[in-house]
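S.K.: One structure, as structure tokens, below. Some questions next.
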């Protein structure tokens, strides 16, 4: 994170840009309730089911950079979202 990062200092500008991009590709921003439900749904699913749901296009696999701690540093992991 750095001070010139839009998500750190210009959230309104970031959201406007994200909304334009979503609409351009026929997406839409999730509402507050839908966002909460989608996030919680993934946490209750057993980890073994996530790749299966991705194969059905119910969940989506994405690469995420995750900090594993001071000794281990940063790692790229596959995360799933609904």
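S.K.: Since residue 72 meets every condition but one in (1) within 16 Å of the chain's Cα centre (by Cα); (2) surrounded by fewer than 10 Cβ atoms within 10 Å (Cβ to Cβ); (3) modelled with pLDDT under 85, which condition does it not meet?
M.R.: Exception for residue 72: condition (1).
S.K.: Still on this structure, please answer the following. Regarding residue 80, is this residue surrounded by 11 or more Cβ atoms within 10 Å (Cβ to Cβ) and in contact with a helix residue (DSSP H, G or I) (Cβ under 6 Å, 6 or more places away or on another chain)?
M.R.: yes
S.K.: Restricting to region 32-64, what's the tally of residues that are part of a loop (DSSP other than H, G, I, E, B) and closer than 14 Å to residue 82 by Cα?
M.R.: Selection size over region 32-64: 7.
The values are calculated or read from the model by the stated rules, or taken from the named source; none is laboratory data. Owing to the predicted nature of the structure, the values given are computational and were not obtained by experimental measurement. So basically every Cβ, Gly included, is an ideal-geometry build from the backbone, and we count neighbours across all protein chains shown.
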